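> After the C-alpha cells below, expect a handful of questions from me.
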Amino acid sequence: MDAGLIWTIVIIVVVVLIIAAVAVFLYRKRGGTHRVEAGRQKAASIREEAQQHDLTAREQEAEALRVKADEQRAKAEAQQAQVNAERLSQQSREKEAAAQEVRAKADDNFRRADEVDPDVDTDTNKNGR
C-alpha cells in the first residue's frame with residue numbers, strides 16, 4: 001500500500017470520527033434543552049399544585065377562624081344569659097321580700113283592726129289569722 005493512500009484513509013477516518021463526535025454533541029445538547037424544558041414544565045406543575053394547596057389551606061384557616069368566632073360569640077351569649085338569670089333571681093328575691101313585708105304589714109293591720117274593733121273577740125281570733 002502506498003503511504004498517500006494510508007494517509008488518505010486516516011484523514012477520512014479522523015474526519016468521520018470528528019463528524020460523529022459533533023453529531024453526538026449536538027444530539028446531546030438538543031436532548032439537554034428538552035430536559036431543561038421538561039424540568040421547567042415539571043416545576044410549573046409543582047408550583048400550580050402548591051398554589052392549590054395554599055389556597056385550600058387559607059380557606060381552611062378562614063373557616064377555623066369563623067368557627068372560633070362563633071364559639072366565642074356563643075360563650076359570650078351564655079355568659080350574658082347567666083348574668084341575666086342572676087339579675088332575675090335577685091329581682092325575684094327582692095320582690096318576694098317586698099311581698100312578705102307588705103303581707104306582714106297587712107297581717108299587722110288586720111290584727112290591730114281586730115284589737116280596735118269592739119265587735120271582734122281578740123281572744124278567740126288569735127289563732128284564726
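> For the chain, state the average projected area of the convex hull of the C-alpha atoms over all orientations, rounded to one decimal in nm².
Details: hull surface 63.1 nm².
Averaged projected area of the chain's Cα convex hull equals 15.8 nm².
> What is the helix-to-structure angle for 3-116, meaning the angle in degrees between its Cα long axis and the longest Cα principal axis of the chain, kept from 0 to 90 and rounded to the nearest 10?
With rounding to tens, the tilt is 0 degrees.
> Which distance in nm do the two modelled labels at Glu61 and Ser92 give, with both placed 7 Å along the Cα-to-Cβ direction?
Label-label distance for Glu61 and Ser92, simple model: 4.8 nm.
> Need the list of lysines near Lys95 for cross-linking: C-alpha distance under 26 angstrom, and skip anything on the same chain fewer than eight residues off.
Counting by Cα, and skipping residues close in sequence, Lys95 has these lysines nearby: Lys105.
> Still on this model: For the charge dipole of the chain, defined by +1 on Lys and Arg C-beta atoms and -1 on Asp and Glu C-beta atoms about the Cα centroid, which residue among Ala62, Ile46, His34 has the Cα displaced farthest towards the positive pole?
Towards the positive end, the residue furthest out is His34.
> Dividing the alpha-carbon radius of gyration of region 43-113 by 2.2 N^0.38 Å (N being the number of residues), what value is obtained?
Working: Rg = 30.4 Å, N = 71, 2.2 N^0.38 = 11.1 Å.
So region 43-113 has a normalised radius of gyration of 2.74.
> Counting other C-beta atoms within 10 Å, which of Val24, Val120 has the fewest, and how do the rest follow?
Numbers: Val24 10, Val120 13.
Ranking Val24, Val120 by Cβ neighbours within 10 Å, fewest first, gives Val24, Val120.
> Return the aspartates and glutamates within reach of Lys42: Cα separation strictly under 19 angstrom, same-chain partners fewer than 8 residues apart disregarded; answer none if there are no such residues.
Qualifying aspartates and glutamates at Cα under 19 Å: Asp54.
> If you don't mind, there's one more thing I want to ask. How many nm separate the modelled label positions at Asp121 and Ile6, each set 7 Å beyond the Cα in the direction of the Cβ?
16.9
All of the numbers you see were taken from the coordinates with simple rules; none came from a lab. Since the model is a prediction, treat every value here as computed from it, not as a measurement. Heads up, the Cβs are rebuilt from the backbone with ideal geometry, glycines too, and the neighbour counts pull from every protein chain shown.
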